[in-house]
Amino acid sequence: MGSEVGMRVLITGARGFVGPYVCDALRNICGRDCVVVATSKDGGPHPAFGQIEALDVTDTAAVHDAIARHRPTHVIHLAAVAALGAAQADPQNTWRIHVGGALNVANAVLDKAPDCWLVHVGSGLVYGESAKAGRPLDESTLLAPLDDYAVTKAAADLALGALARHGLKCVRMRPFNHTGPGQTDAFAVPAFAMQIARIEAGLAEPVIRVGNLDAKRDFLDARDVANAYARVVSSSHDLAPNTIFNVASGVSWRMGDILDLLLAQSSARIVTEQDPLRLRPSDLPCIVGDATRARTLLGWAPEHRFEDTLAAVLADCRARVAKA
Ligand SMILES: Nc1nc2c(ncn2[C@@H]2O[C@H](COP(=O)(O)OP(=O)(O)O[C@H]3O[C@H](CO)[C@@H](O)[C@H](O)[C@@H]3O)[C@@H](O)[C@H]2O)c(=O)[nH]1
């Protein structure tokens, strides 16, 4: 895939789970000439990036200043409240970060670096209730988000779509579920794996507490999701501004089957127990994405077997428990 010369990619929210995967994907896909400017709310040293610059996306002046100073060719906007529970716990903060943050970045780009591409990382959850129709969700599916997380992600996505009509060169990504080593146990896969690791280490009774195991979700390895973002950066010159891309496998995994695959990798005898606190008021029964557009326009396809990803998450959780 041909890449643009002299790319400078500014990443917001780089300290989050996906940040280091995006860094690797940019190096692999866009080449060593691609300069990465990693930013996150608190900044500081980081194993993947060396140093991260402090940038709070809700601080309008700071965002304008960062875009003016770095004059990026691309921004990958990862900064978000990633876990649904945290988003739900403080909706006002979630609106401020998801919508206020995205608008700050978009307006700064329009003002200070109008040729810069803004890659917005939204969510496959923006389709919400439309998933009940039972068909794979493509980019033309009606947005019908159900909770504060998904509503604010949809609002930001739509706001940037409107700004594209005023010249913003944005690409709106809608990733479905993804996991990998480094994800916190606020998410289902590491929540299961971390409990197994703690039980194996004798740190917890042999009972694993879970939420809705009947939910079916479209899962990818975080590396495959990061590859899609990097491919957007490397091929932006061929893309129409305001293109929307789902990032999905097209395969839906029952959460209970994911748990069984993890448990099969452990010799510990573990009992499963439902924890009412882990159940959600609105949990869609089945979500499957259609990423035909990303496959066609970006030449993207998932490269990692999900079973291998699960094994890697469990190994990571075991290592984290051993280190603690
Ligand atoms: N977190 C969690 N979820 C559980 C558990 N047990 C079952 N689940 C179910 O497992 C499914 C996946 O939950 P999460 O891993 O927490 O992910 P998510 O809420 O679906 O959101 C993820 O995917 C979105 C895109 O589809 C992302 O936008 C979002 O940031 C996140 O990565 C949900 O149906 C949830 O109810 C548990 O113990 N913990």
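The values are calculated or read from the model by the stated rules, or taken from the named source; none is laboratory data. This one's a predicted model, so the numbers in the text were calculated from it and none came from an experiment. Neighbour counts are summed over all protein chains in view; Cβ atoms, including those assigned to glycine, are modelled from backbone coordinates with ideal geometry.
General remarks:
- The residues of segment 261-305 that are more than 25 Å from V126 (Cα to Cα) and small (G, A, S), listed by number, are A264, S266, S267, A268.
- Among the helices (runs of 4 or more DSSP H) confined to segment 79-120, the ones with at least 2 residues that are of a type in the set (S, T, N, Q), assigned by TED's automatic domain parsing to the domain that holds V233 and within 16 Å of the ligand (Cβ to nearest atom) are located at 91-95.
- Boolean, D257 is out of contact with any Cys (no Cβ under 7 Å at 6 or more places or on another chain), loosely packed, with under 14 Cβ neighbours inside 10 Å, closer than 28 Å to E139 by Cβ and of a type in the set (D, E, K, R): yes
- Residues of segment 151-162 satisfying the condition of being surrounded by 20 or more Cβ atoms within 10 Å (Cβ to Cβ) and over 15 Å from the mean Cα position of the chain (by Cα): V151, L160
- Within this structure, V189 fails the test of being more than 15 Å from the ligand (Cβ to nearest atom), closer than 23 Å to E303 by Cα and touching a strand residue (DSSP E or B) at 6+ places or on another chain (Cβ under 9 Å).
- Meets criteria (assigned to a loop (DSSP other than H, G, I, E, B) and more than 24 Å from R293 (Cα to Cα)) for L213: yes
- Any hit, segment 313-320, residues being away from the ligand (no atom under 13 Å from the Cβ), hydrophobic (A, V, I, L, M, F, W, C) and part of a strand (DSSP E or B): no
- Filter result for A155 (more than 11 Å from the ligand (Cβ to nearest atom), assigned to a helix (DSSP H, G or I) and either touching a helix residue (DSSP H, G or I) at 6+ places or on another chain (Cβ under 6 Å) or closer than 25 Å to Y21 by Cα (or both)): yes
- If the condition is being aliphatic (A, V, I, L, M) and either loosely packed, with under 15 Cβ neighbours inside 10 Å or over 17 Å from S140 (Cα atoms) (or both), then segment 165-177 contributes only L168.
- Among the residues examined, A240 qualifies as free of Cβ contacts under 8 Å to residues at least 60 places away in the same chain and more than 16 Å from the ligand (Cβ to nearest atom).
- Among residues of segment 255-266, those that are in contact (Cβ under 8 Å) with a residue 24 or more places away in the chain and more than 10 Å from the ligand (Cβ to nearest atom), counted: 5
- If you go through segment 121-138 and keep only what is in a helix (DSSP H, G or I) and more than 18 Å from the chain's Cα centre (by Cα), you end up with E129, S130, A131, K132, A133.
- The single condition among (1) under 20 Å from R172 (Cα atoms); (2) buried (at least 17 other Cβ atoms within 10 Å of the Cβ); (3) touching a residue at least 60 places away in the same chain (Cβ under 8 Å) that P20 does not satisfy is (1).
- The residue list R295, R223 contains one member that is under 28 Å from R32 (Cα atoms), without any contact (Cβ under 8 Å) to a residue 60 or more places away in the chain and under 19 Å from the mean Cα position of the chain (by Cα), which is R295.
- Residue pairs meeting the criteria (Cβ under 6 Å; at least 6 apart or on separate chains; first within 25 Å of R280 (Cα to Cα), in segment 195-217; second part of a strand (DSSP E or B) and acidic (D, E)): V207/E273; R209/E273
- Every residue from segment 86-103 that is more than 11 Å from V75 (Cβ to Cβ), without any contact (Cβ under 8 Å) to a residue 60 or more places away in the chain and crowded, with 24+ Cβ neighbours inside 10 Å: H98
- All positions within segment 5-51 that are in a loop (DSSP other than H, G, I, E, B) and closer than 19 Å to W300 by Cβ: M7, V18, G31, C34
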